[in-house]
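Peer 1: So that we are looking at the same thing, I have put the structure below in structure tokens.
The values are calculated or read from the model by the stated rules, or taken from the named source; none is laboratory data. Every value quoted in this text rests on a predicted model; they were computed, and no experiment measured them. Here the Cβ positions follow ideal geometry from the backbone for every residue, glycine too, while neighbour counts run over all protein chains shown.
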Amino acid sequence: MSKQPDKNNMLVVGVFEDVTKAKQAQKDVELWDESQSDVTLGGSTVIYKDADGKIKDERSRKFDWKKGALIGLLLVPLTGGILLPVYGAAAGLAASWLKGIKREDADKVASAVKQGSAALAVLCDEYEVPAVSEELKRLGSKEVVGYKVPESTANDVEKAVKSAEDKGEVNEQQPVS
């Protein structure tokens, strides 16, 4: 199969029973990605509520951390704002793409995370969505939803992450704020 373009313009979100299962699924998705010659995922992050009730995200170490930050920012509106404390004001850039998301889907993800489940979000290409969705289901996701990320939104958020990095406000170990 010829190599497809690597746009990473789709966000696929799977909801797992707990953070341990979501983190394991994240590792398994990385291995699966490596084993698929026709798949090149853009990044992944796990979103969960910690023991203190704070919403956290853990970006994959395998993928470019800036893509993980992009995912986190895109998830702010999707999760009903529960990631706003993690990503702060830069999250406003991602809000424009919320218009294409069914409110009930966003509410399901936000509610699940607030109730102790965890979400694994994977950035991929449109042609990869069916395979990524099936893999997340195979790994135990209770719910899988996919969303197209408008190119202008992705570009704006990537610029914001780059700007924050240049100013020393964000790096591989800390979230955008």
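Peer 1: Regarding segment 107-115, can at least one residue be identified that is farther than 22 Å from Q24 by Cα and modelled with pLDDT under 85?
Peer 2: Checked segment 107-115: at least one residue is farther than 22 Å from Q24 by Cα and modelled with pLDDT under 85.
Peer 1: Here is a follow-up. Can you report the number of residues in segment 19-53 which are part of a loop (DSSP other than H, G, I, E, B), over 13 Å from the mean Cα position of the chain (by Cα) and within 17 Å of K137 (Cβ to Cβ)? Walk me through it before giving the result.
Peer 2: Here is the first cut: in segment 19-53, the residues part of a loop (DSSP other than H, G, I, E, B) are 36-42, 50-53.
Next cut, over 13 Å from the mean Cα position of the chain (by Cα) only: 36-40, 50-53.
Applying the additional criterion that residues be within 17 Å of K137 (Cβ to Cβ) yields 36, 39.
Qualifying residue count, segment 19-53: 2.
Peer 1: Take the conditions in contact with a Phe, Trp or Tyr (Cβ under 9 Å, 6 or more places away or on another chain), modelled with pLDDT under 70 and surrounded by 15 or more Cβ atoms within 10 Å (Cβ to Cβ) and apply them to A118. Does it pass? Full working, then the answer.
Peer 2: Numbers: in contact with a Phe, Trp or Tyr (Cβ under 9 Å, 6 or more places away or on another chain): yes; modelled with pLDDT under 70: no; surrounded by 15 or more Cβ atoms within 10 Å (Cβ to Cβ): yes.
No, not satisfied.
Peer 1: Next up: Pick from segment 121-162 the residues that are touching a residue at least 12 places away in the same chain (Cβ under 8 Å) and acidic (D, E): which of them is surrounded by the most Cβ atoms within 10 Å (Cβ to Cβ)?
Peer 2: That would be E128.
Peer 1: A follow-up question, please. Given the condition more than 16 Å from the chain's Cα centre (by Cα), at pLDDT below 90 and more than 22 Å from S141 (Cα to Cα), answer yes or no: does some residue in segment 59-68 qualify? Even if it seems obvious, please write down each step before you answer.
Peer 2: Applying the first criterion (more than 16 Å from the chain's Cα centre (by Cα)) to segment 59-68 yields none.
No.
Peer 1: Among the residues of segment 99-106, is any at pLDDT below 60 and not hydrophobic (A, V, I, L, M, F, W, C)?
Peer 2: yes
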